[in-house]
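The structure under discussion appears below in the form of structure tokens.
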Amino acid sequence: MTTFVDRVELHVAAGSGGHGCASVHREKFKPLGGPDGGNGGRGGDVILVVDQSVTTLLDYHHSPHRKATNGQPGAGDNRSGKDGQDLVLPVPDGTVVLDKQGNVLADLVGQGTTFIAGQGGRGGLGNAALASARRKAPGFALLGEPGEARDVVMELKTVADVALVGYPSAGKSSLISVLSAAKPKIADYPFTTLVPNLGVVTTGSTVYTIADVPGLIPGASQGRGLGLEFLRHVERCSVLVHILDTATLESDRDPVSDLDVIEEELRQYGGLDDRPRIVVLNKIDIPDGQDLADMIRPDLEARGYRVFEASAIARTGLKELSFALAEIIAAARAAKPVEEATRIVIRPKAVDDAGYTVVQEEDGLFRVRGEKPERWVRQTDFNNDEAVGYLADRLNRLGVEDALTKAGARAGDGVAIGPEDNAVVFDWEPTMMAGAEMLGRRGEDHRLEAPRPAAQRRKDRDAERDEAQREYDEFDPF
């Protein structure tokens, strides 16, 4: 069974915002006490957080669909809905988040680093929040925005200072087991190591991490064997260590050709040319291995490599190798620029930026694109004429109608607001008249202006008494 996964596709869905409430306050002797509909709650976000205790993406391989909770709808008596709970997903240190096209969205390195993979939807306003001096009793509320849903790809790139690379069974796992406290699986057959192993090494005052990358073979950069899956784990390393087997039993192989093959695969993978290299001639405890190491060492040094001879079994040459690695890593850390605190960058919009665009497409349809118009359309209940009239007011105040006129739109032309796959299309009229506006000024509720029933009954009785008195006074029998 797979116990290590370093690349998954995750389907995230943030919570939708709760709908606002359209309500009128009612109590004894005050049946129409004004709007009191509460706002809807905000939908929960989907947040990726680096957790050092997590080392694999296996959980998301088994459960790739994750959704945050929705916000609760508002209620009467000015009660706002409860916000949705954020869904926090722990990921390993070194996780890279990409979209489906391969564009990097976030590189999560360091404990506690976060990335919002899905933004929760806003809650809709209730009619109490929409009331104004002009619109005293709105008979509608805004809908909650749907939460953001998208697919992301997560790749794990091991955060290590040293990467051990080489052919299968070259002794990489044995070396990391004696250099650190790591206990990888060790056996006498190829591809024993199926997952990267990490170990922590302390040499003098330098503490660094070392990674044992599964064996590479010719064609690894094109996906042959296990190479392509794990070559990404060497990208963050400060130094590459070639482990060459000086006691190989295969007649068609030798340490120098092994080195050339691995270097060619690293070159084809790309991005690793600037990393310093060290060559370790392993398994010198075997007599033939020591003889072969003595033969090829001058050739490797002539190529510019620092060469070390080592044996994990006899534990020879390890101290020199460890101090050499510590020296290189300390120099690499000192050469790194000092990380500055994240600056808050404020980018105000240009004076002439309206926040939307109006474009006429080839079929004659006018399309309006922009954050505000699209959000307002999503929050509009098109079954409520008054809500549609409110949307028309907002678009008019934003200047959309003027922009349509300048773009050449005329009454009856088709207008679409939103993206092509989810747009609202309607026939445009320069002055939009909804059913609610035909009854009076938009947004007013004349029920609140009518007298109370008891007072009306008293007025009716007084009027009847006055009328009877007038008829009596007008009657003159003589």
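The values are calculated or read from the model by the stated rules, or taken from the named source; none is laboratory data. Remember, predicted model here, so these are calculated numbers, not experimental data. Every residue, glycine as well, gets a Cβ built from its backbone with ideal geometry; the counts of neighbours run over all protein chains shown. Heads up: the accessible areas ignore ligands, DNA and RNA and are worked out on the full protein's heavy atoms, side chains in. Shrake-Rupley method; radii C 1.70, N 1.55, O 1.52, S 1.80 Å.
Some points to look at:
- What the Cβ-Cβ distance of ASP427 and SER53 gives, at R0 = 56 Å and to the nearest 0.05, is a FRET efficiency of 0.45.
- Ordered by solvent-accessible area of protein heavy atoms (1.4 Å probe), largest first, the residues GLU235, GLU155, GLU420 come out as GLU420, GLU235, GLU155.
- Binned Cα-Cα distance frequencies in the stretch 39-180 - 5 Å width, integer %: 2, 9, 13, 14, 12, 10, 10, 8, 6, 5, 3, 2, 2, 2, 1, 1, 0
- Residues of the stretch 30-109: accessible area per residue with a 1.4 Å probe, Å²: 49 Å²
- A 1.4 Å probe over all protein chains sorts TYR208, TYR167 by accessible area into TYR167, TYR208, starting with the largest.
- Taking a straight Cα-Cα cut-off under 30 Å and skipping sequence neighbours fewer than 8 places away in the same chain, the lysines within cross-link reach of LYS100 are LYS67, LYS157, LYS349, LYS372.
- For the stretch 259-305, carbon and sulfur atoms together expose 49% of the accessible surface, with a 1.4 angstrom probe and every protein chain in place.
- Amide H contacts under 5 Å for ALA106, placed H, 5+ residues apart: VAL97
- Note on surface exposure: ARG461, ARG333, ARG275 rank ARG461, ARG333, ARG275 by accessible area, highest first, 1.4 Å probe.
- Computing FRET efficiency as 1/(1 + (r/R0)^6) for PHE382 and GLN111, where r is the C-beta to C-beta distance and R0 is 35 Å, gives about 0.15.
- Looking at the stretch 385-428, the accessible area is 51 square angstrom per residue; that uses a 1.4 Å probe and ignores ligands, DNA and RNA.
- Taking only protein heavy atoms and a 1.4 Å probe, the accessible area of the stretch 360-434 is 41% carbon and sulfur.
- Carbon + sulfur, % of accessible area of the stretch 103-174 - ligands and nucleic acids excluded, 1.4 Å: 51 percent
- Residues in the stretch 357-375 reached by a label modelled at ARG410 [backbone nitrogen below 16 Å; 7 Å Cα→Cβ]: 364-366
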